Amino acid sequence: MNRLLVALSGVLLFVASGTGSLADDEARVEFNRDIRPILSDNCFACHGPDEKTRQAGLRFDVAELAKTKLASGGTALVPGKLGESELARRIVAIDPNQHMPPADSGKRLTARQIELLKRWIEQGAEYQPHWSFVTPKRPVVPTLGATGEGLRSPVLVEGTGGSKQPPVAPRGAGLLHWPLNPIDNFVLDRLEREGLSPSPPAEKERLVRRVTLDLTGVPPTLGEVDEFLADAAPDAYDRLVDRLLASPRYGERMTLDWLDAARFADTHGFNNDTTRYMWRWRDWTINAFNSGMPFDQFVTEQLAGDLLPTPTLDQRIATGFNRNHVINSEGGIIPEEYRVEYVADRVHTTATILLGLSMGCARCHDHKFDPLTQREYYQFFAFFNQLNEQGEAGRVGNAEPTIKAPTPEQIVRRAALSQQLASLDDTLKQRITRATETMSEWEPKLRAAASSGGAAPVPLLHWTLNETTGSELTEQRDPTRKGQVVGKAEWTTGKLDGALKFDGSTHVEAGDLANFDRTDKFSYGAWVNVADKEAATVLSRMDDATAFRGYDLLLVGGKLTAHLVYRWPDEALHVVSKTEVPIGKWTHVFATYDGSSKAEGFKLYIDG
């Protein structure tokens with residue numbers, strides 16, 4: 001078992017020893033660790049990448065330019081020569097016109113920051129690439145001296161086969177007995193430089209609670225505590241850690257931080273905040289941690305699992321990482337605006353958690369602090385702008401595009417059902433054969449009935465709207481059905497008789513009638529005389545409470561348009577006429593639907 005966890009759980013608390021002063025004056029200053037933050041916070045605004053705010057032609061973000069002679073004749077940085085470096089002079093200048101940063105900037109260097117800048121110049125003013133572009137290197141393990149001191153002389157010892165191995169700390173005087181693995185050497189080295197000593201070993205009761213919470217996110221049971229306390233074997237702690245690492249709770253605990261970074265949620269966000277179902281991706285992440293998946297594979301499958309050769313279902317599920325962003329289902333938004341926001345979210349998330357860059361700044365301009373241009377931002381943006389998605393989506397369930405993602409249990413169940421289906425198909429074929437044999441008996445009767453013709457279909461509802469007075473309307477098929485004009489009832493001359501004039505605030509409430517389903521065949525229409533191309537409703541039967549389920553017939557921009565909605569906007573048909581409805585002329589507008597649940601089954605007619 002890797003002893004890494006021993007060190008992590010054994011040094012959670014420190015106690016002070018000595019004065020606590022930092023004794024690292026002679027230590028090497030690192031640009032990324034010590035200097036870049038100072039320059040970024042205090043200098044880059046006026047002497048950085050932004051050409052519009054740059055002053056004196058000086059740039060501290062580029063080593064060559066920072067060390068080039070300025071038009072004034074001075075040089076900001078002269079490696080190894082503090083007295084010739086304008087930066088060193090300006091940060092301690094008494095004259096407010098010379099002092100940097102200037103007083104009106106609101107910035108002020110601390111004594112510690114001034115000292116670091118001076119030492120950096122004296123040591124050669126070496127720059128480093130941005131830390132996120134530097135490949136991590138395995139550090140050299142500090143070694144212990146005879147009394148536990150002298151940790152600043154790092155070496156590697158020869159292992160078997162000539163390989164370099166971390167040293168094994170000898171047991172004995174001072175703190176030589178304290179390190180249990182190479183990580184402890186780093187901890188002890190830092191403690192010594194900070195003037196601190198390690199905390200005493202934790203009691204077993206506290207240790208079992210700490211490590212259980214750390215590895216599983218939940219406290220141990222009383223039985224688990226008692227079991228560990230009763231285990232006096234030298235490897236009791238090792239076996240405890242092994243058991244916790246093998247627990248399903250370990251993957252859940254590790255996944256928690258990744259879910260936060262990947263912006264996981266069970267709802268879409270924004271004002272509607274409807275439910276989404278991303279638990280299959282969440283469970284994939286848990287399984288990845290529990291199975292010990294290598295990190296490069298972990299990242300690759302989440303970013304582009306669907307692009308791998310013959311991707312598995314799990315690899316495609318992994319790409320749900322890219323769909324964890326918020327999704328807006330509010331009516332009236334500009335869909336393309338939000339679709340672009342979804343792409344930007346993928347860019348910013350990937351850059352932040354995998355590249356260590358705040359790429360969002362470069363969306364509007366060249367980055368003022370990180371080495372990124374606006375052009376590079378949109379080159380990166382293009383990688384994530386390949387998805388066939390809608391800006392307004394997610395009103396009910398997951399937003400398209402989606403994939404079928406059955407669980408292992410469902411896959412087994414589906415296989416069993418497929419076998420049953422095959423048997424039922426055989427039975428069906430036999431019954432079809434028998435039915436075919438009897439078709440000759442009733443087909444002639446059907447042909448005869450069809451050739452004799454028949455009466456035209458009788459309307460289910462017929463509102464003439466020719467009452468000429470009052471606000472109560474009568475349906476012609478069933479006079480007991482009454483409609484009510486809501487608003488001002490203004491009567492005029494119509495196509496056949498009287499007509500009702502609608503001013504935009506008037507409508508007729510006819511009650512709960514004509515409640516057709518999307519599998520029904522039905523038709524509807526009216527005579528209209530429109531005064532302009534303003535939007536108007538001819539007929540509408542929709543239920544707001546069930547995601548606008550129903551149908552309508554509208555005039556929009558001069559054209560006839562209709563909707564058939566099962567659940568808006570994800571499951572709906574929307575058709576628009578090619579020609580416009582004439583203005584100032586009585587026109588017959590009509591819609592027919594064949595029950596196919598397809599747009600091609602929805603027909604619109606203008607005087608047809």
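Figures for the structure shown
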{"item": "Helical mean residue ellipticity (222 nm; -39500 (n - 2.57) per DSSP H run of 4+; nearest 500) of the chain", "result": "-10000 deg cm²/dmol"}
{"item": "Thr352 versus Ala531: modelled label distance in nm, points set 7 Å from Cα along the beta carbon direction", "result": "5.4"}
{"item": "Distance in nm between pseudo-label sites at Arg414 and Asp266 (7 Å out along the Cβ direction from Cα)", "result": "2.5"}
{"item": "Given charges at beta-carbon only (K, R positive; D, E negative), |dipole| of the range 472-606 in Debye", "result": "380"}
{"item": "Cβ crowding within 10 Å averaged over residues, with 465-471, 478-484, 206-212 ranked highest first", "result": "206-212, 465-471, 478-484"}
{"item": "Dipole magnitude (debye, nearest 20) for the chain, charges at Cβ of Lys, Arg, Asp, Glu", "result": "780"}
{"item": "Tensor-based shape of the range 320-376 (alpha-carbon gyration tensor, a/c under 1.5 rounded, otherwise prolate or oblate)", "result": "oblate"}
{"item": "Two-decimal Rg/Rh across the range 168-313, once Rg and the Kirkwood Rh are taken from alpha-carbon atoms", "result": "1.09"}
{"item": "Percent of alpha-carbon pairs separated by more than 18 Å within the range 31-127", "result": "41"}
{"item": "Rounded to the nearest 20 debye, dipole of the range 385-509 from Cβ charges on Lys, Arg, Asp, Glu", "result": "400"}
{"item": "Cα long-axis angle, helix 408-451 against the chain (0 to 90 degrees, to the nearest 10)", "result": "10"}
{"item": "Thr68-Arg190 pseudo-label distance in nm [points 7 Å out on the Cα-to-Cβ vector]", "result": "3.9"}
{"item": "Of Val576, Tyr524, Tyr593, farthest towards positive along the dipole that unit charges on Lys, Arg, Asp, Glu beta carbons give the chain", "result": "Val576"}
{"item": "Protection-proxy order for peptides 374-387, 422-435, each taking the mean of Cβ atoms within 10 Å per residue, highest first", "result": "374-387, 422-435"}
{"item": "Global geometry of the range 472-606, whether rounded, prolate or oblate, following the gyration tensor of its Cα atoms and the 1.5 cut on a/c", "result": "oblate"}
{"item": "Distance histogram for the chain (every C-alpha pair counted, 20 angstrom bins, percent rounded to whole numbers)", "result": "12, 28, 30, 17, 11, 1"}
{"item": "Across Lys559/Lys585; Lys521/Lys585; Lys67/Lys107; Lys495/Lys559, pairs whose alpha-carbon gap is larger than 25 Å", "result": "Lys521/Lys585"}
{"item": "Ordering of 249-259, 320-330 by packing [mean C-beta count within 10 Å, highest first]", "result": "320-330, 249-259"}
{"item": "Convex hull of Cα atoms in the range 251-383, direction-averaged projection (nm²)", "result": "9.4"}
{"item": "Cα gyration tensor, the range 351-429 - rounded (a/c under 1.5), prolate or oblate", "result": "prolate"}
{"item": "Percent antiparallel among DSSP beta bridges (both partners in the chain, rounded to 5)", "result": "95"}
{"item": "Charge dipole of the range 204-246 about the Cα centre (unit charges at C-beta), most positive-ward option of Thr212, Pro234, Ala246", "result": "Thr212"}
{"item": "Net charge of neighbours whose Cβ lies under 15 Å from the Cβ of Glu389, counting Lys and Arg as +1 and Asp and Glu as -1", "result": "-3"}
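Every read-out reported here was derived from the displayed coordinates using simple, explicitly stated rules and does not represent laboratory data. Not measured: the values here are computed from a predicted model. Here Cβ is always computed from backbone atoms with ideal geometry, including for glycine, and neighbour counts include all displayed protein chains.
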